[in-house]
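The values are calculated or read from the model by the stated rules, or taken from the named source; none is laboratory data. These numbers were taken from a predicted model, which means no experiment stands behind them. Note that we place each Cβ from the backbone using ideal geometry, even for glycine, and neighbour counts take in every protein chain shown.
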């Protein structure tokens, strides 16, 4: 469970630029926990693994995120058992702060900073709950064979992989942030090359390979998505994952055939739209409305006007402290500002079965 003990410090040492900060954050967390429970936790199977993937925009670059944003991000990730994070920047202190909020049972490791052309000085990270997931001591980056180089080059942001185990389920995660640009063929080529390597490895290794991350897929039926579908990996449809609701950027796909056999039973999958709970408001009304009891318990969905009014002066003072001018048009800038507090991507997740003891026992019938 994510830690909340720092909330008492906000009350003990009040922020003159942010009155009643602990009250606002607590209300947002209660609403966020309510939505996470209904979307993810409520229907979770007892013997399962939940894998998440999230491109957290420029984490953390420029003006550091507000205290509350770390709480919200930690709360979401805490509802996964393991999560691949893309766009981690050079300074690792923000990531350490996030993992500390997740609690002592969580651990992490990261890739080196990508200095290759198109790498954007990014790292990739895996954060995982050690009570649920065992790290199997294998970690690395995928390097393409000479004959499969893309325009004579390696993948711009080297895919980051590691092996884990949860229950009976041995698996490898390969996190990628596919190159972004006008050349869709290059994006498709990166996906094809990485997927082919994972499929080949699955034939030799007794583990399921899961390819996940920001694949920069523009449309449900474009050539980049087709490269993923043609890869012999199983790719569930997560729908759009950008905030505009029209880009299929983030994906997960996994091997079902290979030495591990049929050991990838997909139970559920989806995205989580945090805008219903924090920063929002979401452009569409939340179907799961709050009851009067929910509201009495501290859960609350502020209107668009309330959100703008709440953050306007806080953000203005923060920017001035960092020698930056206040936004000229706060109402117009608000949505973009929230992407630097949370992200311009929605997190995706899937739930897999991990208990194969019945299958094992049937061998001896």
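Data for the structure
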item: Residue check for residue 329: under 22 Å from residue 74 (Cα atoms) and surrounded by fewer than 15 Cβ atoms within 10 Å (Cβ to Cβ); result: no
item: Looking only at the stretch 158-177, and only at residues there that are part of a loop (DSSP other than H, G, I, E, B) and in contact (Cβ under 8 Å) with a residue 60 or more places away in the chain, the one that is surrounded by the fewest Cβ atoms within 10 Å (Cβ to Cβ); result: 168
item: Given (1) farther than 26 Å from residue 213 by Cβ; (2) in contact (Cβ under 8 Å) with a residue 60 or more places away in the chain, number of the condition residue 25 does not satisfy; result: (2)
item: Qualifying residue in the stretch 184-205 (condition: under 17 Å from residue 110 (Cα atoms) and either in a loop (DSSP other than H, G, I, E, B) or touching a helix residue (DSSP H, G or I) at 6+ places or on another chain (Cβ under 7 Å) (or both)); result: no
item: Contacts under 9 angstrom Cβ, first residue in the stretch 36-51 being at negative phi and without any contact (Cβ under 8 Å) to a residue 12 or more places away in the chain, partner part of a strand (DSSP E or B) and crowded, with 19+ Cβ neighbours inside 10 Å, 6 or more apart; result: none
item: Among the candidates 113, 155, 143, residue that is over 22 Å from the mean Cα position of the chain (by Cα), modelled with pLDDT under 90 and assigned to a loop (DSSP other than H, G, I, E, B); result: 143
item: Output for the stretch 235-271, where each listed residue is in a loop (DSSP other than H, G, I, E, B), in contact with a helix residue (DSSP H, G or I) (Cβ under 8 Å, 6 or more places away or on another chain) and within 22 Å of residue 218 (Cβ to Cβ); result: 235, 243, 248
item: Sole exception among (1) buried (at least 18 other Cβ atoms within 10 Å of the Cβ); (2) under 21 Å from residue 247 (Cβ atoms) for residue 180, by number; result: (1)
